[in-house]
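Every read-out reported here was derived from the displayed coordinates using simple, explicitly stated rules and does not represent laboratory data. Computed from a predicted structure; not experimentally measured. Positions of Cβ are generated from backbone atoms using ideal geometry, with glycine treated the same way; all protein chains shown enter the neighbour counts.
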Amino acid sequence: MAAVHGDAHGHEHDDHHPSGIMRWITTTNHKDIGTMYLWFSFAMFLTGGTLALGIRAELFQPGIQILQPELFNQFTTLHGLIMVFGAIMPAFVGFANWQVPLMIGAPDMAFARMNNWSFWLLIPAATLLVSSFFVPGGAAAGGWTFYPPLSTQGGLGVDLMIFAVHILGASSIMGSINIITTILNMRAPGMTLMKMPMFVWTWLITAYLLVLVMPVLAGTVTMLLTDRHFGTSFFNAAGGGDPVMFQHIFWFFGHPEVYIMILPSFGIVSEVIPTFSRKPLFGYSSMVYATASIAILSCVVWAHHMFTAGMPTVGQLFFMYATMLIAVPTGVKVFNWTATMWRGSMTFETPMLFAIGFIFLFVIGGFSGVICAIVPIDIQVQDTYYVIAHFHYVLVSGSLFALFAGAYYWIPKWTGRMYNETLGKTHFWLSMFFFNLTFFVQHFLGLAGMPRRIPDYNLQFADFNMISSIGAFGFGLTQLLFLYVMINCIRSGEKAPQKPWDGATTLEWTHLPTPAPYHSFEKPPVVQ
Amino acid sequence: MRSKSAVTLAGVSALALYSSMAVGSKYNLPEPQSVIAKDIYDQHILLLWICLVIFIGVFGVMFYSVLKHRKSLGYKAANFHHSTAVEIIWTVIPCLILVVMAYPATKTVIAMKDTSSPDMTIKATGYQWMWGYDYLQGEGEGISFYSKLSTPRAQVENKAPKGENYLLEVDNRVVVPVGKKVRVILTANDVIHAWWVPALGIKQDAVPGFIRDTWFTADKPGIYRGQCAELCGKDHGFMPIVVEAMEAGEYSKWVAAQSASAVKTSMHVEK
């Protein structure tokens, strides 16, 4: 450890970096790379959001109006892939790049050059995904889960998707190795593991999950590729394979993946809540253990996505019990946040609003998660709009709201300027309203029997689909306000003090000026 | 304080009213028509109530705190940050609640999976994009037909007004007798489909090259509609499932009529 530490400081910090575009292409600075990750993910968020609006526009009324069924399926597929792999995951890596070194008192990430490479891999991957709309046969249309044999039937678009997933996986693995190494080896003297900020803890655990499951995804898409082009039959019964095996392998990646997208949000919220409650996080060690338990449990619950695929009774019961168990550590987290707020001295700036909004809506998503875990009920709601509502409650009002909380919380440190509080709060309340308008009604659509991934529906679903579409357009437009707030902050926000949040206690606020200098912590701080 | 409890009471009763409306409305699970569907319906309602109670408990505390413990009211922050006893309590209680939820669910899972000794067996085969049915065993053995969407294309393209059963109507319904245990064997010809009839509490994927099975017993005569529930390509949204449950006598007549027309059809094919 000492050797690595010394080595990190052996690098020369040359301030004469290239300017213009070359600065961004060649940069090895964690702040530059973090910024690029964040802008990239926001661009992908708008792209995936546009696809979502296409879907909602088609579903505004019964009948086929805008998107023919084949194109509709391409929209749903690419919406899922782009949001998961292009928007949410890179956004969290962006936060890790900016915040992990600042919060542990390190000068940069452990592997600075690999860091550059992990970012720039995202560009060809995103290009492959987006351009697949324009190849013969169009983009992949088998859902973001691309189950064979349907995905074996697809055209060139599926191959582009497979390569995109490969590249994104490589990028994620490199990013995770970098984060793990940085956290384990480059903490400031005195910062023991159990003194790390919660955001760092959640990312450490997330990075381990990523290293564990991304190769599994790479394996399964490779098998799909060879099934498509090289005559293998992994997923083809006629050749001795099994289509359901794909689902098992995919979800062995896919379920930890959903925790990869939520654990860092827990970390962000665990920073924001204590800051604005002016009170230390309640039950720090139980929060760490809860995060680790969730990560471990997430690896043994994958088949709850497949309760209708056919499974022995004991299999269904095991996966039902294991899934329900996840509610316990998740509940512990919610109780700890509540106890942190209890008898605090709270103020409600935008980051705090988003953090509370996160808890409120994430708990609703958690409840519908428990309901989906109950096998008999899942038999009814699986592959319906109920599930769509469930995972948007945990991914949009979960991950995305936490990302917003984090962006508002740390933007003063990143840019040296304050955002407009009134506009920030407006962004929150509009997001809150339109989010619920879009997704709450989808629970009822699912219960009443509307399957997901259909371009047209029976008249009984018409009114709530219309409400949902109106909400979606409102939510989409609201996010342009976020873009405006951020640009306005970067360009002409008021100058921020070193510590705009008086309750903040982590190193980036207590030990660094605002904005954080290009090279920070060249000498490590000492943590008491 | 009294006005506050009155407000709380009003809020709770509004929520109760709201959820009881959902029970009777078209936005809940459809009215159950089989033992399993009834179990599912009841468990869903039970879970909703449990979730509602927890929700009110947790957010009652949180929003009390949000209202009272604010800096703008001059509230000074306390400094407690740890309690092992409290952590143990709020780990154990959720575990107990989960046991309450898991017990009835386990019984239903075991019942759902018991496809033994059926009165009749029907094989359903998923095609892109329609269903094929073969009556394999029991009264009606040998009957075989395809079942396709019967909604005219013009309705989908908004050139004709949409009917009540828009996208949920087929040319040939699956007909079954009331009160008989029907085992459904599923497979598919091309990609994965899923056979779903919400009112009967039955959904099972149909996997090409493999056989899956499930069962239902319709309690009452009626027409029960469902849809393919696994993305299967372009016309995934256009391959509904319609089950018609009949009294035993009616069903026998239907079988007789089918057998007669089946002879005709096969002669027609051979010609």
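How long are the three semi-axes of the equivalent ellipsoid for chain B, computed from the Cα gyration tensor as the root of 5 times each eigenvalue, in whole Å, largest first?
Numbers: eigenvalues 503, 96, 67 Å².
Computed over chain B, the values are 50, 22, 18 Å.
Put one equal scatterer on each alpha carbon of region A:46-146, apply the Debye formula with no solvent term, and list log10 I(q)/I(0) at q = 0.16, 0.21 1/Å to two decimals.
-0.75, -1.05
Please compute the modelled spin-label separation between A:I490 and A:I123, points set 7 Å along Cα→Cβ, answer in nm with one decimal.
That separation, rounded to one decimal, is 1.6 nm.
For region A:198-349, take N as its residue count and report Rg(C-alpha) divided by 2.2 N^0.38 Å.
1.32
Please compute the net charge surrounding A:T50, taking Lys and Arg as +1 and Asp and Glu as -1 over other residues with Cβ under 14 Å from its Cβ.
On the way: positive: A:R56; negative: A:E58.
So the environment of A:T50 carries a net charge of 0.
Can you give the longest stretch of chain A with no exposed loop site, where a site means chymotrypsin sites (Phe, Trp or Tyr not before Pro) in a DSSP loop (not H, G, I, E or B) with at most 12 other C-beta atoms within 10 Å? Walk me through the intermediate numbers first.
Numbers: sites that count: A:F230, A:Y518.
With chymotrypsin sites (Phe, Trp or Tyr not before Pro) excluded where exposed in loops, chain A gives A:231-517 as its longest stretch.
Going Cα to Cα from B:K253, which lysines come in below 24 Å? Please leave out same-chain ones fewer than 8 positions away.
Hits, sequence-local ones excluded: B:K123, B:K148, B:K180, B:K181, B:K220, B:K264.
Pairing the Cα long axis of helix B:84-113 with the longest principal axis of chain B, what angle in degrees results, from 0 to 90 and rounded to the nearest 10?
10 degrees
Which residues' amide hydrogens lie under 5 Å from the amide hydrogen of B:I202, considering only partners 5 or more residues apart or on another chain, with H built in the peptide plane?
B:V197
Go through region A:438-454 residue by residue and turn each phi into a ³J(HN,Hα) via Karplus (6.51, -1.76, 1.60, θ = phi - 60°); whole Hz please, and just put x for glycine and proline.
Result, ordered by residue: 6, 9, 5, 5, 5, 4, 5, 4, x, 4, 6, x, 8, x, 7, 6, 10 Hz.
What's the angle, to the nearest 10 degrees (0 to 90), between helix B:2-24's Cα axis and the longest principal axis of chain B?
Value to nearest ten degrees: 10.
Non-local amide H neighbours of B:D213 (under 5 Å, H modeled in plane, Pro and chain starts lacking H): which ones?
Residues meeting the criterion, in which the H sits 1.01 Å from N, are B:L186.
Taking the Cα centre as origin and putting +1 on Lys and Arg beta-carbons and -1 on Asp and Glu beta-carbons, what dipole magnitude results for region A:152-277, to the nearest 20 debye? Walk me through the numbers on the way to the answer.
On the way: 3 positive and 5 negative charges, 72 e Å.
In total the dipole reaches around 340 debye.
Rounded to the nearest 5, what % of the DSSP beta bridges within chain B are antiparallel ones? Mind dumping the intermediate values first?
Working: 29 of 41 bridges.
Here the share of antiparallel DSSP bridges comes out near 70 percent.
For region A:278-346, with equal point scatterers placed on the C-alpha atoms only and solvent neglected, what are the log10 I(q)/I(0) values from the Debye formula at q = 0.16, 0.17, 0.20, 0.23 1/Å, to two decimals?
-0.62, -0.66, -0.78, -0.91
How big is D, in µm² s⁻¹, for region B:181-242 by Stokes-Einstein at 4 °C and 1.567 mPa s if Rh is the Kirkwood radius over C-alpha pairs?
Numbers: Rh = 12.1 Å.
Value of D from the Cα-based Kirkwood radius: 107 µm²/s.
With the dipole of region A:423-527 worked out from charges on the C-beta (+1 for Lys and Arg, -1 for Asp and Glu) around the Cα centre, which of A:H443, A:I470, A:G503 lies farthest toward the positive end?
Positive-end residue among those listed: A:G503.
With θ set to phi - 60° and the Karplus curve 6.51 cos²θ - 1.76 cosθ + 1.60, what are the ³J(HN,Hα) couplings of region A:146-152 in order, to the nearest whole Hz, using x for Gly and Pro?
Karplus values, whole Hz, x for Gly and Pro: 5, 5, x, x, 4, 6, 6.
Excluding residues on the same chain fewer than 8 positions from B:K71, give the lysines whose Cα lies under 28 Å from its Cα.
Hits, sequence-local ones excluded: A:K195, A:K279, A:K333, A:K413, A:K425, A:K495, A:K499, B:K4.
When DSSP assigns beta bridges and you keep just the ones with both residues in the protein assembly as shown, what percent turn out antiparallel, to the nearest 5? Don't skip to the answer; put the middle values down first.
Numbers: 31 of 45 bridges.
Antiparallel bridges: around 70 percent, rounded to the nearest 5.
Excluding A:R417 itself, what net charge comes from residues whose Cβ is under 9 Å from its Cβ, given Lys and Arg +1 and Asp and Glu -1?
Details: positive: A:R491, A:K495; negative: A:E494.
Summing Lys and Arg as +1 and Asp and Glu as -1 gives +1.
Return the equivalent ellipsoid semi-axes of region B:116-194 as a descending list in whole Å, where each equals the square root of 5 times an eigenvalue of the C-alpha gyration tensor.
Working: eigenvalues 162, 45, 19 Å².
They are 28, 15, 10 Å, listed largest first.
May I ask which residue of B:S117, B:G209, B:A229 lies farthest towards the positive end of the charge dipole of chain B, with charges of +1 (Lys, Arg) and -1 (Asp, Glu) on Cβ and the Cα centre as origin?
Ranked along the dipole, the leading option is B:A229.
Any idea what the alpha-carbon Rg over 2.2 N^0.38 Å comes to for chain A? Let's see the in-between values first.
Values: Rg = 22.7 Å, N = 528, 2.2 N^0.38 = 23.8 Å.
In units of the globular-protein estimate, chain A measures up at 0.95.
Note the per residue figure in Å³ for the convex hull of the C-alpha positions in region A:388-528. The partial results should precede the final answer.
Working: hull volume 20.7 nm³, N = 141.
Cα-based convex hull of region A:388-528, divided per residue, equals 147 Å³.
If I fit a long axis through the Cα atoms of helix A:462-492 and take the longest principal axis of the Cα atoms of chain A, what angle between them do I get, 0 to 90°, rounded to 10?
20 degrees
From the phi of every residue in region A:402-412, what ³J(HN,Hα) in whole Hz does the Karplus formula 6.51 cos²θ - 1.76 cosθ + 1.60 yield, where θ is phi - 60° and glycine or proline is x?
Coupling constants for region A:402-412: 5, 5, 4, 4, x, 5, 5, 5, 9, 4, x Hz.
Under the rule of at least 5 residues apart or a separate chain, name every residue whose amide H is placed under 5 Å from the amide H of A:M346.
Under 5 Å from the amide H of A:M346: B:R70, B:K71.
Give the span of region A:145-234's Cα atoms along each principal axis, as three whole-Å numbers ordered largest to smallest.
57, 19, 16
With bins 5 Å wide starting at 0, give me the P(r) of region B:146-252 over every alpha carbon pair, in whole percents.
Calculated P(r), rounded to whole percents: 2, 12, 20, 23, 20, 12, 8, 3, 0.
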